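Here's the structure we're looking at; comments come further down.
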Amino acid sequence: MATVLLIEDDHSIADMISIYLSEEDYVVHIARDGQQGSELFRTIHPDVVILDVMLPDTNGMELCREFRTHSSVPIMMVSAKSEVSERVKALIIGADDYLCKPFSMRELAARTGALLRRSSMNKASLEPKTVETQAIRVDMDKRCVYLHSTVVETTYSEFEMMKHFWLHPGKVFSREELLNKIRGMDAFVTERSVDVHITNLRKKMEQDPKEPKHIKTVWGVGYKFEP
């Protein structure tokens, strides 16, 4: 049974989500504010986090950023703010999904399941444990990317994209192919999301993000990775 950390200050919404996900065989822990959410995150080690943007003591975006400093656990942001700029901001700071309120419980459960399926598939993968170049190393078991022996902090989706590139060096992928690979068809993603992840990976891994040597754009087609 997967463990869900739900950080939501609205009691009615939190209770509704908890009841629905519990009936779907999830173990749900509820935090009513950021401080409690941070404490539970450290103690229960959740399999996925559902995080409200507006909390009484902190901004959910900042809490997401905090979690990302030491964990690649899938994080789904929920908010009444539906602007594209808010969704993009959430992806940039490390969220793996963004769901706008009001939403259906079925959709929430489907997206939660999509994130968890990909996480569990990676843990059970029989792919090579470690592949490396002179500068970059990817550890499949630990889900870590290293640059010159230093860990590069990546989101769940960024690692999925990096792993996919790594297993197919030199192959060109369209945005749609990358989008389907890292998120699945039943989660909120756009081609803009792929561009955001590419930009973030370049900032983290390229000496000059504007002149990338590894993660390259193939104009009119998509992207490819050169070791």
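The values are calculated or read from the model by the stated rules, or taken from the named source; none is laboratory data. Here the structure is a predicted model, which means the values were calculated and not measured. Every residue, glycine among them, receives a Cβ derived from its backbone with ideal geometry; neighbour counts consider all protein chains shown.
A few points about this structure:
- Tally, over the range 27-48, of residues that are in a helix (DSSP H, G or I), crowded, with 16+ Cβ neighbours inside 10 Å and not polar (S, T, N, Q): 4
- On the stretch given as the range 133-162, residues that are in contact (Cβ under 8 Å) with a residue 40 or more places away in the chain and of a type in the set (D, E, K, R) total 4.
- Output for the range 17-50, where each listed residue is of a type in the set (A, V, I, L, M) and farther than 15 Å from T112 by Cα: I30, A31, L40, I44
- Only residues that are of a type in the set (S, T, N, Q) and over 13 Å from the mean Cα position of the chain (by Cα) were counted in the range 70-88, giving 3.
- Filtered by the rule that a residue be among the small types (G, A, S) and either closer than 14 Å to V78 by Cα or not in a helix (DSSP H, G or I) (or both), the range 1-26 gives A2, A14.
- Filtered residues of the range 120-176 (kept if at pLDDT 85 or above, assigned to a loop (DSSP other than H, G, I, E, B) and under 26 Å from I75 (Cβ atoms)): E153, T154, T155
- Any chance M205 is of a type in the set (A, V, I, L, M, F, W, C), touching a Ser or Thr at 6+ places or on another chain (Cβ under 8 Å) and at pLDDT 85 or above: no
- Residues satisfying the stated conditions in the range 49-87, i.e. surrounded by fewer than 21 Cβ atoms within 10 Å (Cβ to Cβ), among the basic types (K, R) and over 23 Å from V152 (Cβ atoms): K81
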